[in-house]
Every structure is written in structure tokens, then in C-alpha cells.
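Read the figures in this text as sums done on the coordinates, not as results from a lab. Here the structure is a predicted model, which means the values were calculated and not measured. Note that we place each Cβ from the backbone using ideal geometry, even for glycine, and neighbour counts take in every protein chain shown.
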Amino acid sequence: MDEVDRLILRALQEDGRTSFTDIARQAGVSETTIRARYRNLTDQGIVRTVGVVDPHSLGFLAPAILGVVVAPGHGDAVARAVTAMPEVSYVVLTLGQFDLIVEVFCRDLPHLTEFVTGTVHSVPGVIRTETLMIARSYKLAYRWALAMAADRGSDGAGGVAS
């Protein structure tokens with residue numbers, strides 16, 4: 001991955017509707033080059049363009065984070081089962097008190113209760129869960145390319161001219 005690829009990522013994370021023409025102008029290359037680079041980034045699974053929707057605006061009023069403790073040797077199977085559930089938006093394997101951290105969006109408290117006690121607890125290998133209801137979100141960001149730029153230093157060295 002070079003600076004042109006990083007510029008594509010930064011531009012699209014700032015505004016996913018940024019045109020390839022605008023990115024090409026910033027990078028000093030052709031639109032065809034940006035289009036090919038973008039296609040390569042998507043083919044490699046590095047970037048995926050999606051629309052991010054506010055779940056509250058769609059009536060999902062019971063978001064939560066679940067900490068899940070899994071029986072030894074069942075982590076991958078439980079993660080696959082939980083990942084397939086439509087309420088689930090995020091699943092990660094962690095090292096610490098919980099084996100999995102799961103973000104869920106449920107319509108209301110009864111839906112969340114049934115989801116945790118009925119659906120998640122019925123997955124073979126789940127030992128216990130802890131539910132943390134999300135009262136307010138302060139930040140929801142998908143701007144990893146900006147963090148990559150910060151890791152290289154704030155002096156802009158090695159960056160593409162903008």
C-alpha cells in the first residue's frame with residue numbers, strides 16, 4: 001500500500017461520496033488510476049463502501065454491548081453462530097474477562113431480553129453473558145485511514161500533496 005492508496009482511503013473515510021476525479025486531482029494522477037486502485041483495494045478486502053445508518057432513527061431503541069464467556073474450544077463456533085444473528089452488528093474475540101464482545105441493536109427492552117436470554121444463551125458453548133445497555137453514543141467513526149496518517153507523524157512527510 002502506497003501513499004496514493006492511503007489518500008483514497010482517507011478521502012473516502014472523510015466522505016464516502018468523494019468522486020474519483022476529486023481524489024485523482026488531490027493525488028496528481030488520472031481518474032483511471034484511482035478507479036483501478038480502488039478496485040484493487042476492494043478486491044483485496046481492504047475497503048468496502050457501505051452506507052452507515054443511525055439505528056435509533058429506524059426504531060432500534062435498545063442497543064447493547066454483550067460480553068460473552070465461552071467454553072474452552074468453542075470460541076470460533078460461538079462467534080460464527082452469533083455473527084449470523086440479524087441483531088448483531090459487531091463481534092470480536094478478546095483477551096480478558098470476556099471471550100467475545102458483541103454489539104447488538106434491538107427494537108426495545110423486551111426484544112433485547114429475549115435476544116440475550118433466549119437466542120444467545122441457547123448457543124452451544126456460551127457459558128454466561130453480561131449485558132451493557134448503551135445509553136448514549138458519543139462517537140461512531142470508521143476513519144482508520146486517518147489514524148494511519150497520524151501514525152506516520154503529523155509533519156506530512158511522505159504524504160501525497162493535497
Work out which chymotrypsin sites (Phe, Trp or Tyr not before Pro) in the chain are exposed loop sites (DSSP not H, G, I, E or B, at most 16 other Cβ within 10 Å) and give the longest gap free of them. 1-137
Full-extension gain in nm, Thr18 to Thr33, via 0.36 nm per residue minus C-alpha separation: 3.9 nm
Per-residue HN-Hα couplings for segment 123-137 [Karplus 6.51, -1.76, 1.60; θ = phi - 60°; Hz; x = Gly/Pro]: 6, x, x, 7, 8, 7, 10, 10, 9, 10, 6, 8, 7, 7, 9
Diffusion coefficient in µm²/s returned for segment 3-51 by Stokes-Einstein, Kirkwood Rh over C-alpha pairs, 4 °C and 1.567 mPa s, is 123
Dividing the convex hull volume of the alpha carbon atoms of the chain by its residue count, what do you get in Å³ per residue? 149
At a Förster distance of 25 Å, what's the computed FRET efficiency of Ala84 paired with Val52, Cβ-Cβ distance as r, to 0.05? 0.75
In Å and from the alpha-carbon atoms only, list the Rg and Dmax of segment 55-133. 11.9, 39
Taking trypsin sites (Lys or Arg not before Pro) as exposed when DSSP calls them loop (any state but H, G, I, E, B) and at most 10 other Cβ atoms lie within 10 Å, what is the longest stretch of the chain free of them, the sites themselves excluded? 49-135
Approximate spin-label separation Leu61-Ile134, in nm, with each point projected 7 Å along Cα-to-Cβ: 1.7
